[in-house]
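J.: Submitted below is the structure of interest, expressed as structure tokens.
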Amino acid sequence: MKVRFAPSPTGYLHIGNARTALINWLFAKAAGGAFLLRMDDTDAERSTDAFADGIREDLAWLGLTWDEEASQAARLGRYAEVGAALAASGRLYACYETPDELEYKRRRQRARGLPPVYDREGLTLSAERRAELEAEGRAPHWRFRLDHADTAWDDLVRGPQSYHGGHLSDPVVRRADGTWLYMLPSVIDDADFGVTHVIRGEDHVTNTAVQIQMFQALGAAVPVFGHVPLITGPGGAGMSKREGSQAVRDFRAEGIEAAPMLAMLATLGTAEAADPRADRNALVAGFDIRHFGRSQPQFDPAELAMLNARYLHGLEFAAARAGLAAAGLGAADEAFWLAVRANLGRFADAREWWAVIHEPLAPRIEDAEVCAAAAAALPPEPWDETAWSALAEAAKAATGKKGRALFHPLRLALTGRENGPELKLLLPMIGRARAFARLMGETA
Ligand code: GLU
């Protein structure tokens, strides 16, 4: 069993592509199959090495490892060879119309109430006529001759599907300049690499009948197909891969971690709830392609941000170290992590609490009496979690204040902020000298 993920390196991996990659990866892992990464880079003008590297990097960041890699640009000789064989057997044929001529034909068909299906003029050209056209300087483009029969498949997601070849134009597979369109090279690759399952976005469902006929023309086994609905933005808005904000690396730069992103992508479009703490093995164990529905799921970046926060809130220190280090907090210890994790939306937010503990800040004195009473009652160090209750109790006894009237001024003085991690956890890290100065209204 082998699946493939076939991005075009004409841009960075966006969230929709990442989902297709993940579904393929989970499908392969759940069945003990192999995962092929194929760069669909026949478009030499728009494909770049930098985008291909970026896609590999993003897949690796997500942990979607591949067993094998291929590049279409490296296989042009193979496509030419197969193309020649298909031309010899009459499945590819040369056409000479210019784009304007084709447009004129379509307009005439529409005016007569006919569907704009290619009239196969190329098939009827005599050898003399072809020679004449070539003498005019026209180079042929090539079309695949479809069988005018029903082509059916049982889609893993959509169930039984069928298209009649007579309703479709014979697709152009090779342009007059010799470059290949996506359709046939993809089939040649899937056949040569032994791909058994093609799982991809619904935008390709109309290609499938054509591609099945191509597999048959090559004498190759037809893979199983599955087409998952494309995701949309909140409110059903379109998600274009050209929107930079949908790039996996942009979410990453904003502090989204791989685990919550995977959890969200694995469950989007299913009835399952995303569990950001599920590791990859759990995702594999829970995966079933039949869980994906037919309607277009909505991807909401705000939900991803929430999952990210939930992920951090439950993260053990050992698993948090790398993220802390990447946020410039390589010196953070477990006590710090456990104190602050519930207040984070992303690792970088921890910097604020690190600064509250380790850097001078201007305290905000809302109630000098409460603060002075607390300062006078600071127990000697070393401090543990009981230091906080000792000073709060003393301030309460001295001033008669309690509840918010007691805690709010103390928090403002000690941290300069309205809200934050539990003071009993922060206070031992802030330390006696700094706590005293802040309670007395000094920058410390
Ligand atoms: N390169 C194509 C795309 O990104 C691949 C389609 C397919 O999976 O067959 O849309």
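The values are calculated or read from the model by the stated rules, or taken from the named source; none is laboratory data. Quick caveat, the model's predicted, so the values are computed rather than measured. We place every Cβ from the backbone using ideal geometry, glycine too, and count neighbours over all the protein chains shown.
J.: Just checking, does region 343-356 include any residue being in contact with a Ser or Thr (Cβ under 7 Å, 6 or more places away or on another chain) and surrounded by fewer than 22 Cβ atoms within 10 Å (Cβ to Cβ)?
T.: yes
J.: Please determine, by comparing only the residues of region 241-270 that are modelled with pLDDT of 90 or more, touching a helix residue (DSSP H, G or I) at 6+ places or on another chain (Cβ under 7 Å) and among the small types (G, A, S), which one is surrounded by the most Cβ atoms within 10 Å (Cβ to Cβ).
T.: For region 241-270, the residue satisfying everything is A263.
Here's the yes/no breakdown for (1) in contact with a Pro (Cβ under 6 Å, 6 or more places away or on another chain); (2) more than 26 Å from T196 (Cα to Cα); (3) touching a residue at least 12 places away in the same chain (Cβ under 8 Å):
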residue	(1), (2), (3)
A127	no, yes, no
A135	no, yes, no
P140	no, yes, yes
R158	no, no, yes
S169	no, yes, yes
R175	no, yes, yes
L181	no, no, yes
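J.: Restricting attention to region 197-240, report how many residues are closer than 30 Å to P301 by Cα, free of Cβ contacts under 8 Å to residues at least 12 places away in the same chain and either away from the ligand (no atom under 15 Å from the Cβ) or crowded, with 16+ Cβ neighbours inside 10 Å (or both).
T.: Total meeting the criteria: 2.
J.: Something else: For region 387-444, enumerate the residues that are more than 17 Å from E366 (Cα to Cα), over 44 Å from the mean Cα position of the chain (by Cα) and surrounded by fewer than 16 Cβ atoms within 10 Å (Cβ to Cβ).
T.: Selection gives S389, A390, E393, A397, A433.
J.: Let me ask something else about it. Can you spot a residue in region 37-49 that is of a type outside the set (D, E), touching a residue at least 40 places away in the same chain (Cβ under 8 Å) and either within 14 Å of the ligand (Cβ to nearest atom) or farther than 24 Å from A191 by Cβ (or both)?
T.: yes
J.: Considering every residue within region 52-60, establish whether at least one is more than 24 Å from R175 (Cα to Cα), within 14 Å of the ligand (Cβ to nearest atom) and part of a strand (DSSP E or B).
T.: Scanning region 52-60, I find no residue that is more than 24 Å from R175 (Cα to Cα), within 14 Å of the ligand (Cβ to nearest atom) and part of a strand (DSSP E or B), so the answer is no.
J.: Where the second residue is not small (G, A, S) and the first is without any contact (Cβ under 8 Å) to a residue 12 or more places away in the chain and lies in region 273-297, which pairs have Cβ atoms under 7 Å and are six or more apart or on separate chains?
T.: A273/T267
J.: Here is a follow-up. A30 - would you say it is at pLDDT 95 or above, within 13 Å of the ligand (Cβ to nearest atom), surrounded by fewer than 21 Cβ atoms within 10 Å (Cβ to Cβ) and farther than 27 Å from D250 by Cβ?
T.: For A30, the condition - at pLDDT 95 or above, within 13 Å of the ligand (Cβ to nearest atom), surrounded by fewer than 21 Cβ atoms within 10 Å (Cβ to Cβ) and farther than 27 Å from D250 by Cβ - is not met.
J.: Quick check on my filter: what residues within region 1-27 are part of a loop (DSSP other than H, G, I, E, B) and either free of Cβ contacts under 8 Å to residues at least 40 places away in the same chain or within 12 Å of the ligand (Cβ to nearest atom) (or both)?
T.: A6, P7, S8, P9, T10, G11, L13
J.: Just give me the residues in region 50-72 being farther than 16 Å from N17 by Cβ, of a type in the set (A, V, I, L, M) and without any contact (Cβ under 8 Å) to a residue 60 or more places away in the chain, in sequence order.
T.: Across region 50-72, the qualifying residue is only A50.
J.: Does region 174-196 include one or more residues that are in contact with a helix residue (DSSP H, G or I) (Cβ under 7 Å, 6 or more places away or on another chain), under 29 Å from A44 (Cβ atoms), within 15 Å of the ligand (Cβ to nearest atom) and part of a strand (DSSP E or B)?
T.: Yes.
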